[in-house]
């Protein structure tokens, strides 16, 4: 495939034309996040006549989420809530479509459950001490493979009771001191992970014959997939004892009855996400060759017995949905969905400001659009014959709902409308897409969400910068942006260099230079917006989180144009942020920017904190106390200097939250955060 | 803090001459001996000088906790008695008539003031402050007690429109737990978040009635001192506007309540010490600039801020006990004027030891009162100024309580709480040495050999570098070193430049240069040590915590002479450490801005800070390294350890990381007892692994 860059960057994405229902609508409020039904994981039945999916809701009264499995028929009728465990996810149809297996966290660690479609409550199949997840049916329907978490036993407390002259209490017999030599020993939101490993087990659908098929080891096995003959299970695993610090997995195959693991050799640095061909001889795998954070993965077809060929070359297309919003739940991913004769497959790809389902020829890699509506497609699944594809999609004015695509008719229909009531009462702003050319002639796509103010009013305007930076804004429902528009701000958001969907060179433009290309692109967007008659060019604010927090700090250190700024979970110092984080590795540091000990002058120049003394914009810094993706040290450092310099700054820390606060945080905290944001700009703009 | 003049840098002082008894009948020191040690502290003499109250703390294995009680000894040595039996009792204060002791007791909740009658009976609570009470000080007439109690800001209501959600606000979520942090020093290692907690001064009647809050500034106040006529209370505060938190101020407030008046002195930071007995003057310490190496001056002033006079010059002497070890509890401090206001009796840090000196208020000159080349942790003075109680220990003796009779010029040991333990142990005795650093200075160091060392055998050797850097090793009991010696290691420890006790210049030598001067000195020590017949030069190790952790990382980035290294609670990046530590110091660690000693501000001096950071030199590290860190350490935040660890992992160098849950920067001194024992085993096991 050719790079998309030249042909599609300037294409303005059409915004959905579905009208929001009219009925004394009121502007979006922070509390609306508790009114939205978050729909995800559209999983179609084998025959293609029904779709199971997950609905997540916020329960602010109990400060928790509820997550349950729903089912709808392919014609949009028969919508019903199937499970009521409030912690249920990952529905999987049995081959006869009579049963759904799922993961349920019902008052303990997640376990595998099954529920019959023709009535009755779910039954628990597993009782794994540290939890079970990811059930996948064998094609015969006689077994289910799943992953279970095993924790290394804690060592005994190293203490000689005979010398101490006293006995250890039972609760102190095992040591809680943690020793590691792993690079990747912790993960944001999960804490210490180096003692936890997931292994594969099979079980019969009646709950009998539990059998562990991959051995206990310091490694984990992920994404198990049955071969069509049910003899083998492929999975991805990082297990290289000689080089434990490389963070790239390989694909392995194990006999489905257990036995020795066989690595499926590829010429790439890493491979993952195996999908079997229907003859059970080869696998389509996602591959990566370089430790390049901007890289796009490719797809190879690999013969299990040896030999491989590239189907989708690396750095040609962005596989998956890279769009950033605050209203999507982690979906099931999307494809590759392989046609029964292995001639082509469908997978989702990120395109300018949107996601599309694209059909790839399995031999030539030639691609054609399947579903390309200019909106966001979260995840997808296909029936056995690939004559029906279910997916969830959302756009700027609609939270995600379930859709069904008929490849024969090349048409989609919406199956659910769970947010109809919410939308009927809410005034949702329509985004206007526009493109500007930056100072190097690059076209930059941006959107303008008009403020909820009377016509002819010049409204204050907020520039929101996305995180990643390898992600993108697009035609997707973004509650926070709607909230700000509803409060009377024009909201501008763009995909500056570093964003995905505009080709590899565009995404890679931030390598060795994290701030400046973004800055120039965002400034070009602001220059264009400031000319609009509905924009008060003297009252422009800027905000963003993660890389967007870095970008916000960078902006206010390099221009005095903004009247107020809000930066969340920031990177302020390229040295500490890239060496004290959970994902620190040579991908994030060595490859991109050079190591701190070799390239300090450049890293310092790229660090927003080197310009903190130039800031005159009032700033609100927001950081979660358990964030180990962008560690607290970067906000602390900025705050200390800004205070010492007498700058106007407010620093807010949120307990018990991690880097994903605005997406998965405690509901009460999420509502408070939104009030905090709107109150800050109300005060400072 | 207070002064002293010329400190002999190279002065060698004798290590305790008391020999450990014949080693063969004794067993080696173990990590688990932590549970056998009686940690005595806070020697507090009664006003009549006849008795001494003190605190004894022990570690308890089953509860994995400490238990501390108040004890009383007769000054003539006739009796030692345990007075209180709470879980955590401390801070004994005698009533003026010596009939009552008021102390702090914590059980379950925050500490409260309790009183116990020396004539008999159990203690009873005097305060029931919501957030606790501490630091009791009796008025001179004995009728009232001043103390400190913390106010905690109300949490704001959760910013949620519950009505819009159609639900009543749930009780649990009515108040917000989101924190808006008003200033960089928003937390204190070991105390957690402190930005919403403000200490204030209160008084109560001696019977616990009539509680009254005297002060209420946003800055918080501490250290109440009654004027001799009991009409006023002197206290200190550090304004929140003090960027580095070291610009103390002094105030007096009527003891029955009223408006505080500032004792206006023109110094960078001023810290009240006490009233003169005639009530006319206020004794205080001051510093003239932001300089963490500074040795504060001692001065006096009229309460209205006039007629100030310096008695002991700035940077002349280090008042207080700066010796570092792992067997002392925080003492009660030291330093009181004699009844005629002519002499200040206080402890002073000298090379490798502390002693109690008498400073002439007229000349500032010091006379040694209680010496002996060991560590003295705290002291107190009887009303007539003739009896001094103190806590002391040395390299082979654990802390015990002593009294010094100024008339007889003689000390008496009152307690023998640890005799049974130390008699059973083969305790290693340090040798003291000194070596030229080749740069015009002489470095003191000690060599602790295995107690049963065999002549002609060469031993693996561990160099331990102390933290601070403004502390010092000395003639004090160091359990960790004894455990290593018992495991067959020679332990070497030195006072390189940066250490206290050797004069201001020696201490300030690290200004703008944290690594090089220390490195030259420690290397000179090692060069000297490896010439010894009992040292195996091919098996040497280096270790240290905090600044010593920084120093360990610096050493292994600049020499490959060590077989393995162990660094605890490290500083790897001076920029992030100065800005994100609980004591965030944006103007740099050491000298005043604009002076040659200065690091400058963190921004202006970025390249200096970076070049002085071990991380800048991490690619040179070849020595296997073990990093230790406590999860709740905010003095050297986890980012410091992680930056070094991840860099070494990316470089493919041998490094391991050990993390202790719930532990702060003070793991090795006040951590959970089981963790402390496990830590000692981890240290020994790490070196053992690299013996071959």
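The calculated FRET efficiency for residue B:278 paired with residue B:538, based on their beta-carbon distance and R0 = 60 Å, is about 0.35.
Annotation: the residues B:95, A:607, B:613, sorted from fewest to most other C-beta atoms within 10 Å of their own C-beta, follow the order B:95, A:607, B:613. Sort out for me the Cα centre separation of the range B:218-241 from the range B:292-308, rounded to whole Å. After rounding, the separation between the Cα centres reads 15 Å. For the pair the range B:313-365 / the range A:421-482, the C-alpha centres are spaced 67 Å from each other.
Treating each Cα of the range B:376-444 as an identical point scatterer and summing with the Debye formula, the log10 of I(q)/I(0) at q = 0.17, 0.19 Å⁻¹ comes to -0.77, -0.83.
With a 10 Å cut-off around each Cβ of B:654-664, the average count of Cβ atoms from other chains is 3. Rounded to 0.05, the FRET efficiency of the residue A:81 and residue A:210 pair, given R0 = 30 Å and the Cβ-Cβ distance, is 0.50. For the range A:437-546, give the share of DSSP beta bridges that are antiparallel, in percent and rounded to the nearest 5; count only bridges with both residues there. Within the range A:437-546, antiparallel bridges account for around 40 percent of the total. Sorting the segments A:34-46, A:346-358, B:223-235 by their mean number of nearby beta carbons within 10 angstrom, highest to lowest, gives A:346-358, A:34-46, B:223-235. Assuming a ≥ b ≥ c are the square roots of the Cα gyration tensor eigenvalues, decide whether the range A:519-564 counts as rounded (a/c under 1.5), prolate (otherwise, with a/b larger than b/c) or oblate. It comes out prolate by the Cα gyration axes.
Within 10 Å of the Cβ of each residue in A:163-170, the mean number of Cβ atoms contributed by other protein chains is 6. In percent, rounded to a whole number, the relative contact order of chain A is 13, using alpha-carbon pairs under 8 Å and six or more apart. With a Förster radius of 30 Å applied to the beta-carbon distance between residue A:664 and residue A:26, the computed FRET efficiency rounds to 0.65. Put in line by how crowded their Cβ is, counting other Cβ atoms within 10 Å and starting with the fewest, A:458, B:99 read B:99, A:458. Let me make sure I get this right: for the protein assembly as shown, a, b and c are the square roots of the gyration tensor eigenvalues over alpha carbons, sorted descending. Under 1.5 in a/c it's rounded, otherwise prolate if a/b > b/c, else oblate. Which is it? The shape class here is prolate. Taking the number of Cβ atoms within 10 Å of each Cβ as an exposure proxy, the fewest-first ranking of B:379, A:584 is A:584, B:379.
The label point for residue B:436 and the one for residue A:195, both projected 7 Å from the Cα toward the Cβ, are 5.4 nm apart. Using a/c under 1.5 as the rounded threshold, could you call chain B rounded, prolate or oblate? The axes a ≥ b ≥ c are square roots of the C-alpha gyration tensor eigenvalues, and prolate needs a/b larger than b/c, oblate otherwise. Since a/c stays below 1.5, the shape of chain B is classed as rounded. Only beta bridges with both residues in the protein assembly as shown are counted; by DSSP, about 80 percent of them are antiparallel. Distance from the alpha carbon centroid of the range A:188-232 to that of the range A:26-43 works out to 34 angstrom. Taking a point 7 Å out from the Cα of residue A:368 in the direction of its Cβ, the residues of the range A:336-352 whose backbone N falls within less than 18 Å of it are A:337-349.
Computed extension gain for residue B:368 through residue B:122, at 0.36 nm per residue and net of the alpha carbon distance, reaches 84.5 nm. Normalised by the number of residues in chain B, the average gap of Cα pairs under 8 Å and 6 or more apart makes the relative contact order 13 percent. The simple spin-label model puts a point 7 Å past each Cα toward its Cβ; for residue B:631 and residue B:25 those points are separated by 4.8 nm. Modelled label positions at residue B:559 and residue A:384, each set 7 Å beyond Cα in the direction of Cβ, lie 7.4 nm from each other.
Only the coordinates and a few stated rules stand behind these numbers; no lab work does. Nothing here was measured: the structure is a model prediction, and the numbers come from that model. Positions of Cβ are backbone-derived with ideal geometry, glycine not excepted, and every protein chain shown enters the neighbour counts.
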